[in-house]
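Below is one structure, written out as structure tokens; comments come after it.
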Amino acid sequence: MPSGNPFPILGTAYPAASMPGQAPRISSVLVKPASAVCNLDCEYCFYLDREADPYKDLPARIMTDGVLERLVDGFLFYSYPSSVFAFQGGEPTLAGLDFFEKLVRFQQKYGRDGHVISNSLQTNAVLLDDAWCEFLRQYQFLAGISLDGPEAIHDRYRVNRAGHPTWRKVVDAIERMQKHRAEFNILCVLSQANVEQPRELYRFFRSLGAEHLQFIPLAEFHPDGSPMPFTITPEQYGRFLCEVFDAWWPDRRKVRIRFFDNLAEAMAGIKPGSCTMHETCDSYVVIEYNGDVYPCDFFVEEPWKLGNITLDSFAEIARRQRRYQFAMNKTLPHEECRVCEYQPICHGGCPKFRHGPHRRFEDLDYFCRAYKMIFAKAAGPLRREVEKLLGPGAAAAASPY
């Protein structure tokens, strides 16, 4: 029985003298076929019109067939026998349905016997017509649909380029997805418009028939480090998660909430699906529309560029020293983390929320207080649930929760 911290240590930290050749595998690619281009103009968007966007002055930002084919060929060769593609933006559907039809044809061409290939798409859903929905169903794409709640809440920040509301189009798209039996989940951004309504949000999403939910906390900052008006506080996020946990617990066998799934994975000693709970930031790479590669969606910036898939193999990209340097930013010590009982779960949190306020990776995660609130409430029940499902000893040993 291990002593001290009750939670499992996940993954493997880089040794102090890491050298090329020891790099962890790139487990998935996050592809931006239309770069940061979007047909919406959400007030809180961190990605559109960024000053640090390396491509902000380039008008044509759609991935070409040549880059797409090189991406599929190179990543399938590198990642065999399991290859995970995720498409995001901006708005990835702006690349067109024909782009994704070509994607599937390339995957069929370059896949090998026994190859398992999965695709997902994060979308604002306003372009999802019947043809899109049928395609997503036929090829078993998981579509993440952005919806922030009931109409008045969603339309507070999520409007199109003309400033018109988008809620009706999104809900119509969800109904269309259901008609075609296409798989989807809901991604809800938590802002000042909805963070104080956890139970109402949960009931609303359940009324739509949604069974897979993600809640993404919004935290953007002015240059002086002060939060922007839509940014939520750590206390608000912590209360939200705790109340949603209570509302969700009776439904836990039929409704999936990503944060609680990830926490349960940690309780079971499994590496969580969310990179926020990993020891280092190296599980995926971002592929921009022109083939440029970056280590994280939040740091698509010239200083962090790792290479380009039209010039470099994925094996070479995985070994780039800059990838090591970025991955290690998550391990920079903070004195509070050194003594925190939850450190083996969150491993210091997300570098975006450490770096955001004052541009320092060594700072405490902005949402640290929220994590402590929900871990204290949910770790024990989830640990016991894991042991019911997997048997005694499956969860972390000696947990006091």
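The values are calculated or read from the model by the stated rules, or taken from the named source; none is laboratory data. Just so we're clear, the structure is a prediction, and the values are computed from it rather than from any experiment. Cβ atoms come from the backbone with ideal geometry, glycine included; neighbour counts cover every protein chain shown. Each accessible area value is taken on the protein alone, full model and side chains, heavy atoms only, with ligands, DNA and RNA left out. Shrake-Rupley method; radii C 1.70, N 1.55, O 1.52, S 1.80 Å.
Placing +1 on each Lys and Arg Cβ and -1 on each Asp and Glu Cβ, with no other charges, gives segment 280-401 a dipole about its Cα centre of roughly 380 debye. Restricting the calculation to Cα atoms, every distinct pair contributes to the Kirkwood radius of segment 193-305, found to be 16.6 Å.
Using Cβ point charges alone (K and R +1, D and E -1), the dipole size of segment 109-257 about the Cα centre works out to roughly 480 debye.
May I ask you to give the percent of accessible area on segment 157-225 that is carbon plus sulfur, with a probe radius of 1.4 Å? Intermediate results must be reported in sequence, preceding the final value.
Values: 1550 of 3280 Å².
Here carbon and sulfur together make up 47 percent of the probe-accessible area.
Computed from label points 7 Å out along Cα-Cβ, the spacing between residue 160 and residue 242 is 4.2 nm. Can you compute the label reach from residue 313? Point 7 Å from Cα along the Cβ direction, backbone N cut-off under 13 Å, restricted to segment 43-76. Counting backbone N atoms under 13 Å from the label point, the list is 74-76.
For the pair residue 98 and residue 65 in one chain, pulling the backbone fully straight at 0.36 nm per residue adds 10.8 nm over the alpha carbon distance. Sorting 330, 372, 271, 179 on solvent-accessible area from highest to lowest, probe radius 1.4 Å, gives 179, 271, 372, 330. For a modelled paramagnetic label at residue 27, 7 Å from Cα along Cα-to-Cβ, the residues of segment 128-148 in reach, with backbone nitrogen under 19 Å, are 142.
What percent does the relative contact order of the chain come to when contacts are Cα pairs within less than 8 Å and at least six residues apart? Working shown, then result.
On the way: 706 pairs, mean separation 85.9, N = 401.
Over the chain, the number comes to 21 percent.
Accessible area per residue of the chain at 1.4 Å probe, in Å²? Walk me through the numbers on the way to the answer.
Values: 17740 Å² over 401 residues.
Accessible surface, normalised per residue, equals 44 Å².
Available extension along the chain between residue 112 and residue 131 is 4.0 nm, counting 0.36 nm per residue and deducting the alpha carbon span. Here the Gaussian network model covers the chain, with springs between Cα atoms less than 10 Å apart; of 228, 177, 267, 228 fluctuates the most.
Of 266, 376, 36, which is the most mobile in a GNM of the chain whose springs link Cα atoms less than 10 angstrom apart? So, out of 266, 376, 36, the one fluctuating most is 376. Cut-off 10 angstrom, C-alpha nodes, Gaussian network model of the chain. Which of 61, 323, 161 fluctuates the most? Highest fluctuation of the listed residues: 161.
Rounded to the nearest whole Hz, the Karplus-based 3J(HN,Hα) values (6.51 cos²θ - 1.76 cosθ + 1.60, θ = phi - 60°) of segment 121-128 follow the sequence 9, 9, 9, 7, 6, 5, 9, 7, with x at glycine and proline. Where both bridge residues fall in the chain, DSSP classifies roughly 20% of the beta bridges as antiparallel.
Given a 1.4 Å probe and every protein chain left where it sits, what share in percent of the accessible area of segment 294-358 is carbon and sulfur? All intermediate terms of the calculation are to be shown ahead of the outcome.
Numbers: 1390 of 2720 Å².
Carbon with sulfur: 51 percent of the solvent-accessible area.
Multiplying the sequence separation of residue 359 and residue 151 by 0.36 nm and subtracting their Cα-Cα distance, what value in nm do you get? Walk me through the numbers on the way to the answer.
Details: separation 208, 0.36 × 208 = 74.88 nm, distance 3.51 nm.
Residue separation times 0.36 nm, minus the Cα-Cα distance, leaves 71.4 nm.
Where only DSSP H runs of four or more residues are counted, the chain gives -10500 deg cm²/dmol as its mean residue ellipticity at 222 nm, each run worth -39500 (n - 2.57). In plain terms, if you count all Cα to Cα distances in segment 120-241 and split them into 10 Å steps from zero, the share in each step is 13, 41, 32, 12, 2 percent.
The label point for residue 200 and the one for residue 256, both projected 7 Å from the Cα toward the Cβ, are 2.9 nm apart.
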